[in-house]
Amino acid sequence: MKNYYIIDFDSTFTQVEALDELARISLEHHPARESIYTEIERLTNAAMEGKISFRESLAGRVKLLEANKSHLEKLISILKKKVSSSFSRNRVFLREHSDDVLIVSGGFKEFITPVVRPYGIKTENIYANTFVFDDEGNIIGYDENNPLSDEGGKVKLLKTMKLDGTIHGIGDGYSDFQLKESGLIEKFYAFTENIERKSVSEKADHITPSLDEFLYVNHLPRAISYPKNRILCLIVGDVPEIATHLLRRDGFSIRQKETLEAKYVKDIGMLLLANGTFITDEQLSQAEKLKTIGYLGNSKGYINRELCNEMGIVLFDDKKNKKRNGEFIPKRMADFINKGDTVMSRNFPNMQLPRMHQAHRLIHIHKNVPGIMAQINHVFAQHHINIVAQFLMTKGNIGYAITDISKGYDDLLLKELRQITTTIKLRILY
């Protein structure tokens, strides 16, 4: 059965509410701009949370805008830079499923179409309101006959479309949930990458902090193999706020604790420690999912580096304890998770990798022994895998091999790579 993906625009495809942004442009020089901004945001949130009707909210906001076509040009320029990160990196999925992806929004085609079209969204698959202009190009209203301008508009529209297949809805607002409530869609995914509205997410079939998460749970092709929101980063001790901000902004799930307790160790994928924090060998050995540790100071005497090597854990620290290590160390950790970079790690070979383009990246961490690359490439050859690029560096007893491949792979390939006797850890990055 054919699948359809109904995607909201404001605070879903983009990081912001477009009408709120338009108000900041059109009212830039208005003496009462701050109070008007506040009222427009109130109307937006009230409708998204289901507290007032959508038509009441839309009419109120459009009336307050005092906008014209020249303001729309500026808005489009801003929105193109505010596309949600997970939509940007999954552009390939959107293009390859252009027949199945529909943008359904209470926003306006005049600014939605130029923003989503570069992502392969077909013009005929964009459903939204349209403005009404006067002879001088001023926005004086909207087409009130469009069902999307009314309360329950998405439900009314979908009833007329009669899509034959399984329909998934992705959005952040109450109007998106109404599709599920109506029984017209199979599942509703509350999109929380930009904002989480509790009144909406509590009713969702699944909370998806990113498009990666939606694609992952539905076994669909995606830019990264494992959603970053599923990677738990434990932050321990007195860590600068900027460090937490950087890792949370990158999409990782954050948990903060004053001390490192054994019960938190088992499930963490990343660990950021304040200077002076000690991790025992027993705690470290239990961290089976741990990929990288960041230490805001000199880790010598606080972390067993040999044990990190044995477990394939990349360690970043700052033995000089520079003031900016609260930014520097988290960025190094994120670069390792995102690309496989180990630049300036304390225990791994220093490797900076090129960006990936339409390929898969497999990372093989192994004991530094002769003949390992021959064994790895034998496995690829047996599965008729075309290697796009390959990198290998060693440091002490650690070997770090990265292979970019141009075609899909199956579980048997991964199983055989893991079965190479000197393998410490295999990561599938894309």
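A single member of E136, E144 is in contact with a strand residue (DSSP E or B) (Cβ under 8 Å, 6 or more places away or on another chain) and either modelled with pLDDT under 95 or outside any strand (DSSP E or B) (or both), and it is E136.
Listed by first and then second residue, the pairs with beta-carbon distance under 6 Å, at least 6 apart or on different chains, first residue in segment 313-331 and under 16 Å from C233 (Cβ atoms), second surrounded by fewer than 22 Cβ atoms within 10 Å (Cβ to Cβ) and aliphatic (A, V, I, L, M), are G326/I242; E327/I242; P330/L246.
From the list N347, N377, the one residue that fits, being surrounded by fewer than 16 Cβ atoms within 10 Å (Cβ to Cβ) and either out of contact with any helix residue (DSSP H, G or I) (no Cβ under 6 Å at 6 or more places or on another chain) or not in a helix (DSSP H, G or I) (or both), is N377.
Considered as a group, the residues in segment 249-276 that are modelled with pLDDT under 95 and β-branched (V, I, T) include one that is farthest from V239 (Cα to Cα), and that residue is V265. Only a single item in (1) over 21 Å from I365 (Cα atoms); (2) in contact with a Lys or Arg (Cβ under 9 Å, 6 or more places away or on another chain); (3) polar (S, T, N, Q); (4) surrounded by 18 or more Cβ atoms within 10 Å (Cβ to Cβ) is not met by N298, and it is number (4).
If you check S105, S57 for being modelled with pLDDT of 95 or more, surrounded by 22 or more Cβ atoms within 10 Å (Cβ to Cβ) and in the same structural domain as G137 (by TED's automatic domain parsing), only one passes: S105.
Do we find that E73 is under 28 Å from the mean Cα position of the chain (by Cα), surrounded by fewer than 15 Cβ atoms within 10 Å (Cβ to Cβ) and in the same structural domain as E151 (by TED's automatic domain parsing) in this structure? Yes. Screening A359 on (1) surrounded by fewer than 17 Cβ atoms within 10 Å (Cβ to Cβ); (2) aliphatic (A, V, I, L, M); (3) more than 18 Å from T403 (Cα to Cα) shows it passes everything except condition (3). Has segment 281-292 got at least one residue that is under 19 Å from I363 (Cβ atoms), hydroxyl-bearing (S, T, Y) and touching a strand residue (DSSP E or B) at 6+ places or on another chain (Cβ under 8 Å)? Within segment 281-292, one or more residues are under 19 Å from I363 (Cβ atoms), hydroxyl-bearing (S, T, Y) and touching a strand residue (DSSP E or B) at 6+ places or on another chain (Cβ under 8 Å). Of all residues in segment 36-47, none satisfies being free of Cβ contacts under 8 Å to residues at least 60 places away in the same chain, among the basic types (K, R) and under 26 Å from Y119 (Cα atoms).
Can you tell me which residue is farthest from the chain's Cα centre (by Cα) among those in segment 350-374 that are in a loop (DSSP other than H, G, I, E, B) and aliphatic (A, V, I, L, M)? First the steps, then the outcome.
Here is the first cut: in segment 350-374, the residues in a loop (DSSP other than H, G, I, E, B) are 350-359, 368-371.
Filter once more, so that each one left must be aliphatic (A, V, I, L, M): 351, 353, 356, 359, 369.
Values: M351: 25, L353: 21, M356: 17, A359: 19, V369: 37 Å.
Among residues in segment 350-374 that are in a loop (DSSP other than H, G, I, E, B) and aliphatic (A, V, I, L, M), the one farthest from the chain's Cα centre (by Cα) is V369.
Show me the strands (runs of 3 or more DSSP E) entirely contained within segment 150-246 in which 2 or more residues are touching a residue at least 12 places away in the same chain (Cβ under 8 Å), crowded, with 21+ Cβ neighbours inside 10 Å and touching a Phe, Trp or Tyr at 6+ places or on another chain (Cβ under 7 Å). Before you say what the answer is, go through the steps one by one.
Values: elements: 166-171, 187-191, 206-208, 232-236.
Output list reads 166-171, 187-191, 232-236.
Where strands (runs of 3 or more DSSP E) sit wholly within segment 254-342, those with at least 1 residues that are under 26 Å from the mean Cα position of the chain (by Cα) and small (G, A, S) occupy 292-295. Scanning segment 398-426 for residues that are part of a strand (DSSP E or B) and not β-branched (V, I, T) returns G399, Y400, A401, D404, K425, L426.
Out of the residues in segment 268-320 that are among the aromatic types (F, W, Y) and out of contact with any Asp or Glu (no Cβ under 6 Å at 6 or more places or on another chain), state the one that is farthest from N397 (Cα to Cα). Per the stated criteria, the residue is F278.
Filter segment 95-110 down to residues that are within 19 Å of F191 (Cβ to Cβ) and either among the charged types (D, E, K, R) or in contact with a Leu (Cβ under 9 Å, 6 or more places away or on another chain) (or both), then give me how many there are.
First pass over segment 95-110, keeping only residues within 19 Å of F191 (Cβ to Cβ): 97, 100-107.
Next, only the ones that are either among the charged types (D, E, K, R) or in contact with a Leu (Cβ under 9 Å, 6 or more places away or on another chain) (or both) stay: 97, 100-102, 104-107.
Summing the residues that are within 19 Å of F191 (Cβ to Cβ) and either among the charged types (D, E, K, R) or in contact with a Leu (Cβ under 9 Å, 6 or more places away or on another chain) (or both) in segment 95-110 gives 8.
I need a count of the residues in segment 45-88 that are charged (D, E, K, R) and in a helix (DSSP H, G or I). So the count comes out to 8.
Could you list, in sequence order, all residues of segment 312-327 that are surrounded by fewer than 17 Cβ atoms within 10 Å (Cβ to Cβ) and either of a type in the set (A, V, I, L, M, F, W, C) or in contact with a Phe, Trp or Tyr (Cβ under 9 Å, 6 or more places away or on another chain) (or both)?
Narrowing segment 312-327 to residues surrounded by fewer than 17 Cβ atoms within 10 Å (Cβ to Cβ): 319-324, 327.
Once the filter is applied, which keeps residues that are surrounded by fewer than 17 Cβ atoms within 10 Å (Cβ to Cβ) and either of a type in the set (A, V, I, L, M, F, W, C) or in contact with a Phe, Trp or Tyr (Cβ under 9 Å, 6 or more places away or on another chain) (or both), segment 312-327 yields only K322.
The values are calculated or read from the model by the stated rules, or taken from the named source; none is laboratory data. None of the values given here were measured: they were computed from a predicted structure. Cβ sites come from the backbone with ideal geometry, for glycine too, and all protein chains shown count toward neighbours.
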